[in-house]
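Take this structure first; my questions come after.
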Amino acid sequence: MILLNTILKLGAKNVLYIIWYKVSMKLGLRRLFFPIHKSDSHPIYFSNIATNIHTLNNHHNELLEEAGQLTRGVVRLFSRTSKVVGNPPEWMKNPFSGQAYPDYENHWTRLSDFEDKYGDIKTLWELSRFNWVPLLARAFAVSGDEKYLHTLNMWISDWSEKNPVNQGPNWKCGQEASIRVFHLLNSSLILNNYNSPSVALSDMIYAHLSRISSNIRYAIAQDNNHGTSEATALYIGGYWLNQIDPKQYPKSKKYGLRGARILEERVLTLVDVDGAFSQHSTNYHRVLLDTLIFAEIWRSKLKLDHFSPSFYRKVKKAIEWLAYFTDPVSGDTPNYGANDGALLLNLHSCEYRDFRPTLQTASVLFNNVRLYQSGTWDEPCYWFQVELNNFPLKPIKKINRVFKDGYVYMRGSESWAMIRYPHFRFRPAHNDVMHIDLWYKGKNVLSDAGTFSYNQSGMDEKYKLKSIHFHNTVSFDGQEQMPEISRFLLGFWIKPDQIGELEKLEGGFRWSGQYRIGSNYIHRRTISSENEVWIFEDELKGDFKKAIIGFNIPMEEFQVEENIIYLNWGRIIAPSEGKIIVKTSRASLFYFEIHETARIEIEVPKSGSYQTKVELYQ
């Protein structure tokens, strides 16, 4: 019953294709479309034809420090953890455990998606995403030091030799291949190689486009960022090669045309009416915008036709959505939904959790205005040769708002909140219905837990952060809101019983929404904000033995007196009817990194209405 219900929501066409895909993999049929052939490694992929040394006033030192680490074989993985990987790296080894990937000389179709003996395959893919390529290119461009260019060419050459086309785990995912294409092409812009590239670089990109194109139907069936990323790689890579040498790369125009068609269709399908993306995730929303930035930059460079007006309307809505939920002080966003550590627009030295580089660049390209004053987040525009002084400053004026695609934005004078209500056109990732994220003066005071790892086989429950027990919402008798069918699939998607409009109060606003789980439980949450006082009223109904109202707070000094928790930034007054527990919990701001946080759990034994008040210090 659960599976049938979920199949209907996923769409019969997509499900049937996935079934055929899995069968064709098992039978070995898919290998026929992807012949293994040796990549010719070359000493030169990028040459020194840059016309001048670039001057960056901001974060110049940070850039050269990280690039210097690369020349010594030290890489920062998932934008967080530095590991010694070798110079050049050992491409088939898990940098965290030292475990070599088994059977890496096999065709990629014969390798498991999640190899338990090895661990999380994303730890291996991270090096082969080529995040280091634009970093070394930028370092050479600002310093003129040949060691960066030498390291760049040596690592690409070694990767090509150790990763024959369609052999091994690094060819397994079309999106991973697409990310390599993005970084290689963007680096050709930085180094002024894009009009006269080396044959080695062109051949490498052509091989990647062939891999992507032959399997993109699988990416489309996922209804997520795989389709948009792979379509963008085909679009920009195909048209680029077609202008370089259409005879040498006879399928290049076909790739470009196909990519453009799929990208337009995917954006129109996956971006909702108010701008939310299908993946219910702030980081994957950034991945979407980054790929669209690349598409628009290269569309302009290659003098290609514009996409449709409907496409651009959806893109503008997507920019507005992310801008709403980006903190104006820190540039961070709620740690909401799945997060694999992707940072595609890595042409800057800002922190991983600073979303302003993406928003500033996207707004300039698609809206012709800057969202932010000048800062280090402007660097991508510099490399894309976009003159920011030509664009007026026009920040988004944020008002209290109910987004039709499942979100509420509410604000105080120096605080703001994101509320998540159930609206699932596409598969949900986390059990986070009615989660509330609260920010105050740039600090995430009520936070989401994020994602630690996608490979959770045999993993302790304390790392499974998509569970309801790591979100700021209510659980009944310890049960999940939606049952887990597989690693990336939840069943019985919750529908809203009632979604209210915003109600104006004397000093703020009020909103309420309600959902039910089967015929057993009902949760109605009403949220009010008045003069930096936030009130959460949870009305719970059902035949439950125990319900828990949970909130994640920063791990810092606090004091509990009866039903009041005193913190550095305010106090939380819990309902007096409940039993209060403050315990150590866990969260992950970066993929494959976990840290301790605190969690307030208010245990209530019966149906009723329970009020939690958060008073922020003025």
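Enumerate the residues in segment 381-405 having an amide nitrogen under 17 Å from the point lying 7 Å beyond the Cα of N368 toward its Cβ.
386-395
Would you please state the base-10 log of I(q)/I(0) at q = 0.09, 0.13 1/Å for segment 34-390, with intensities from the Debye formula using one equal scatterer on every alpha carbon?
The Debye formula, applied to the Cα set alone, gives -0.45, -1.03.
Further question: Provide the FRET efficiency to the nearest 0.05 for the M25-H150 pair, computing r from the beta carbons and using R0 = 51 Å.
Numbers: r = 40 Å, r/R0 = 0.78.
That pair, M25 with H150, gives E of 0.80.
May I pose another question? What is the P(r) of segment 280-379, as percent of Cα-Cα pairs per 10 Å bin from 0?
The calculated distribution, bin by bin, is 15, 52, 28, 5.
Still on this structure, I have one more. Can you find, among N186, N335, N389, the residue sitting farthest towards the positive end of the charge dipole of the chain, where Lys and Arg contribute +1 and Asp and Glu -1 at Cβ?
N186
For the cross-link pairs K317/K464; K301/K404; K583/K613; K26/K251, which exceed 27 Å when the distance is taken from alpha carbon to alpha carbon? Walk me through the numbers on the way to the answer.
Values: K317/K464 32 Å; K301/K404 36 Å; K583/K613 19 Å; K26/K251 29 Å.
From K317/K464; K301/K404; K583/K613; K26/K251, over 27 Å: K317/K464; K301/K404; K26/K251.
Tell me which label goes with the value of Rg and Dmax of the Cα atoms in Å computed from the coordinates here: [x] 26.1, 87; [y] 36.9, 106; [z] 24.7, 78.
The listed entry that was calculated here is [z].
Greater than 26 Å separation of Cα atoms is the criterion. Which listed pairs, K13/K172; K83/K162; K122/K316; K316/K398, meet it? Provide the component values of the computation, followed by the final result.
On the way: K13/K172 23 Å; K83/K162 20 Å; K122/K316 31 Å; K316/K398 15 Å.
Violating the 26 Å Cα-Cα cut-off are K122/K316.
Can you tell me the orientation of helix 132-143 relative to the chain, as the angle in degrees between its alpha-carbon axis and the longest Cα principal axis, to the nearest 10?
70
To the nearest 20 debye, what charge dipole does segment 260-309 have about its Cα centre, counting +1 at the Cβ of each Lys and Arg and -1 at the Cβ of each Asp and Glu?
260
Loop-only check: which trypsin sites (Lys or Arg not before Pro) in segment 196-295 are DSSP coil with at most 10 other Cβ within 10 angstrom? Before the final figure, lay out each step's value.
On the way: sites: R211, R217, K247, K251, K253, K254, R258, R261, R266, R286; in loops: K247, K251.
Answer in residue order: K247.
Gain in length, Q618 to D477, computed as 0.36 nm per residue apart minus the alpha-carbon separation, to one decimal in nm?
Full extension from Q618 to D477 adds 47.0 nm.
Would you work out the charge dipole size for the chain about its Cα centre, treating the Cβ of every Lys and Arg as +1 and the Cβ of every Asp and Glu as -1, and quote it to the nearest 20 debye? Display every interim value, and only then the final one.
On the way: 72 positive and 67 negative charges, 426 e Å.
The dipole magnitude comes to about 2040 debye.
Another question, then. Once you put a point 7 Å from the Cα of L32 and another 7 Å from the Cα of N568, both along the Cβ direction, what distance in nm separates them?
6.4
Which value, in debye to the nearest 20, gives the size of the charge dipole of segment 401-616 about its Cα centre, when Lys and Arg are +1 and Asp and Glu are -1 at the Cβ?
I would put it at about 660 debye.
With the dipole of the chain worked out from charges on the C-beta (+1 for Lys and Arg, -1 for Asp and Glu) around the Cα centre, which of V133, N14, S157 lies farthest toward the positive end?
With unit charges placed on the Cβ atoms, the residue in question is N14.
Same structure again: Can you list residues whose amide H is under 5 Å from Q99's amide H, if they're 5+ apart or on another chain and H is modeled 1.01 Å from N?
For Q99, whose amide H was placed from the backbone, the distant partners under 5 Å are N94.
Contour minus end-to-end for S413 and K583, with contour as 0.36 nm per residue of separation and end-to-end as the Cα-Cα distance? Walk me through the numbers before you get to the answer.
Values: separation 170, 0.36 × 170 = 61.20 nm, distance 3.03 nm.
Result for the pair: 58.2 nm of gain on full extension.
Multiply the residue gap between N61 and Q498 by 0.36 nm, knock off their C-alpha separation, and tell me the result in nm, one decimal place. Present the calculation step by step, with values, prior to reporting the outcome.
Working: separation 437, 0.36 × 437 = 157.32 nm, distance 5.29 nm.
Full extension from N61 to Q498 adds 152.0 nm.
Taking the mean number of other Cβ atoms within 10 Å as a proxy for protection, how do you rank 494-502, 222-230 from highest to lowest?
Values: 494-502: 14.1, 222-230: 25.6.
Packing proxy ranking, top to bottom: 222-230, 494-502.
Over the alpha carbons of segment 189-306, what is the largest minus smallest coordinate on each principal axis, giving the biggest first in Å?
Taking the Cα atoms of segment 189-306, the three principal extents are 42, 28, 24 Å.
Could you tell me which residue out of S278, S609, N455 lies farthest along the dipole of the chain toward its positive end? Charges go on the beta carbon: Lys and Arg +1, Asp and Glu -1, centred on the Cα centre.
In the chain, that residue is S278.
Which value in deg cm²/dmol, rounded to the nearest 500, describes the helix-derived mean residue ellipticity at 222 nm for the chain, given -39,500 (n - 2.57) per DSSP H run of n ≥ 4 and division by the residue count?
Numbers: 15 runs with 203 residues, N = 618.
Helices in the chain give a 222 nm mean residue ellipticity of -10500 deg cm²/dmol.
Quick check: the distance between the Cα centres of segment 234-288 and segment 369-432, to the nearest angstrom?
23
Rounded to the nearest 0.05, what FRET efficiency do L505 and L16 have when you use their Cβ-Cβ distance and R0 = 51 Å? Intermediate values should be presented prior to the final figure.
Working: r = 51 Å, r/R0 = 0.99.
Calculated value: 0.50.
Which ³J(HN,Hα) values in Hz, rounded to whole numbers, follow from the phi angles of segment 394-410 under the Karplus curve 6.51 cos²θ - 1.76 cosθ + 1.60, where θ = phi - 60° and Gly and Pro get x?
Residue by residue, segment 394-410 yields 8, x, 6, 7, 8, 10, 4, 7, 9, 7, 5, 9, x, 9, 10, 10, 10 Hz.
Suppose a student asked you for the relative contact order of segment 401-616, using Cα pairs under 8 Å spaced at least 6 residues apart; what percent would you report? Walk me through the intermediate numbers first.
Working: 534 pairs, mean separation 42.2, N = 216.
Once divided by the residue count of segment 401-616, the mean separation gives 20 percent.
Could you give the angle, 0 to 90 degrees to the nearest 10, between helix 252-270's Cα long axis and the longest principal axis of the Cα atoms of the chain?
10
Please list, or write none, the aspartates and glutamates whose alpha carbon is within less than 13 Å of the alpha carbon of K394, excluding same-chain residues fewer than 8 places away.
E320
Relative contact order (percent) for segment 342-421, with alpha-carbon contacts under 8 angstrom and 6 or more residues of separation?
Working: 96 pairs, mean separation 16.8, N = 80.
Relative contact order, segment 342-421: 21 percent.
Also, I was wondering about something else. Relative to the longest principal Cα axis of the chain, at what angle does helix 199-213 sit, 0 to 90 degrees, rounded to 10?
Tilt of helix 199-213: around 50 degrees.
Ok, one more. Just to be sure I understand: if I project the alpha-carbon convex hull of segment 401-616 onto a plane and average over all orientations, what area do I get in nm²? Mind showing how you got there, number by number?
On the way: hull surface 46.7 nm².
Mean shadow area of the hull around the Cα atoms is 11.7 nm².
Every number here is computed from the coordinates shown, using simple stated rules; none is lab data. Owing to the predicted nature of the structure, the values given are computational and were not obtained by experimental measurement. Please note: Cβ atoms are built from the backbone with ideal geometry, for glycine as well, and neighbour counts cover all protein chains shown.
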